[in-house]
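Worksheet: one structure, shown below.
The values are calculated or read from the model by the stated rules, or taken from the named source; none is laboratory data. Remember, it's a predicted structure, so these values are computed and weren't measured experimentally. Here the Cβ is made from the backbone with ideal geometry for all residues, glycine too, and neighbour counts use every protein chain on show.
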Amino acid sequence: MPARSANQNVRLSDVSTKSKAILSPLPGAADATEATDATEDGGSRTLRRGLQLLDAVLASGREGLRVVDLCRIAALERATVYRLLATLMESGYVAQRGRFRYVAGPRLAALAQPHATDGLAARLQPVLARVSAACGDAAFAVVREGAISHCIARHVGTHPVQILVIQVGTRQPLGVGAAGLALLAALPQDDVARSIAANAAALGHYGGMTPERMNILVRATRERGWSVIGNHATSGVLAVGMAVHSTDGEPVAGISVASTLARMPRERQQLIARAMRESLAALLPKGL
């Protein structure tokens, strides 16, 4: 018997009571949409439709909406909704929750709470300090903004030579640094694929990184439980990273330690990864 697609497993009758108010279009909405479509150019029409989906996702709150819900709200074909959602997710404005629902993404959350990253940085700073004290090297924390990693905190270690590969505020493609790679590998596979595709043109500027190489690193990180990457974000440097999860179990940040290649043999990589795991368990036992 052929396998059913994810879309075939969704029924209109499954829409929750909370979502029903959102799903009912205003009287004459379809006529207004058709009239507007007739007078707009393609770019304006696409923008309006994307914003319409974004408004619906925001109105749904933490519960989120399914594609079938969004099709009804926007009076759009399923293929169009999928295409718009892909763009919104690549930009970080929408995220997928579970297999079928879509919720507000990390970039929208940052806009809605302008001091959110400050709060995350404050909570991660003691973790970085503990990890840095254990190994003597600089430690870093990043969060995700769509397909981009954003450094929000850094702690300088005690070793005479500190490798300060990035600064607070640095943004780069998700995965080219160890913290970003650990965070990328912790995401659902669909998000990983979208992120790598969105950054494909820029990856080559980071030590000759390629989408194929990035996929290999993601698989290795998942198998190992922590990331290792060298000679990409900065030549001659190797870093170890680990994902940080929220209280709901969602990957929301990544931490890393960077040093010279000579200072990072395999045994020391393992010791640093252990220090990260123990620091997170001790200081953020319930998540971030």
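Filter the range 226-264 down to the residues that are hydrophobic (A, V, I, L, M, F, W, C) and not in a strand (DSSP E or B), then identify the one that is modelled with the lowest pLDDT. Residue satisfying both the conditions and the ranking: ALA233. Against the list (1) out of contact with any helix residue (DSSP H, G or I) (no Cβ under 7 Å at 6 or more places or on another chain); (2) under 27 Å from LEU184 (Cα atoms); (3) at pLDDT 85 or above, the condition ARG62 fails is (3).
Yes or no, residue by residue, for (1) β-branched (Val, Ile, Thr); (2) closer than 15 Å to HIS150 by Cα; (3) at pLDDT 80 or above:
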{"site": "VAL67", "(1), (2), (3)": "yes, no, yes"}
{"site": "GLU77", "(1), (2), (3)": "no, no, yes"}
{"site": "TYR82", "(1), (2), (3)": "no, no, yes"}
{"site": "THR87", "(1), (2), (3)": "yes, no, yes"}
{"site": "VAL94", "(1), (2), (3)": "yes, no, yes"}
{"site": "ARG99", "(1), (2), (3)": "no, no, no"}
{"site": "GLN113", "(1), (2), (3)": "no, no, no"}
{"site": "VAL127", "(1), (2), (3)": "yes, no, yes"}
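For the range 243-284: of the residues being out of contact with any strand residue (DSSP E or B) (no Cβ under 6 Å at 6 or more places or on another chain), under 30 Å from ALA104 (Cβ atoms) and aliphatic (A, V, I, L, M), which is surrounded by the fewest Cβ atoms within 10 Å (Cβ to Cβ)? It comes out as ALA281. Restricting the first member to the range 84-96 and to residues that are touching a residue at least 12 places away in the same chain (Cβ under 8 Å) and in the same structural domain as LEU58 (by TED's automatic domain parsing), and the second to residues that are basic (Lys, Arg) and surrounded by 18 or more Cβ atoms within 10 Å (Cβ to Cβ), the beta-carbon pairs closer than 7 Å and six or more apart or on different chains are LEU84/ARG49; ALA86/ARG194; MET89/ARG194; GLU90/ARG194; SER91/ARG107; GLY92/ARG107; TYR93/ARG107. Determine if the range 265-283 includes at least one residue that is within 19 Å of ALA134 (Cβ to Cβ), part of a strand (DSSP E or B) and touching a Pro at 6+ places or on another chain (Cβ under 8 Å). No; the residues of the range 265-283 include none that is within 19 Å of ALA134 (Cβ to Cβ), part of a strand (DSSP E or B) and touching a Pro at 6+ places or on another chain (Cβ under 8 Å). Please find, within the range 204-242, the residue that is surrounded by the most Cβ atoms within 10 Å (Cβ to Cβ) out of those that are among the β-branched types (Val, Ile, Thr) and free of Cβ contacts under 8 Å to residues at least 12 places away in the same chain. Applying the filter and picking the extreme gives THR210.
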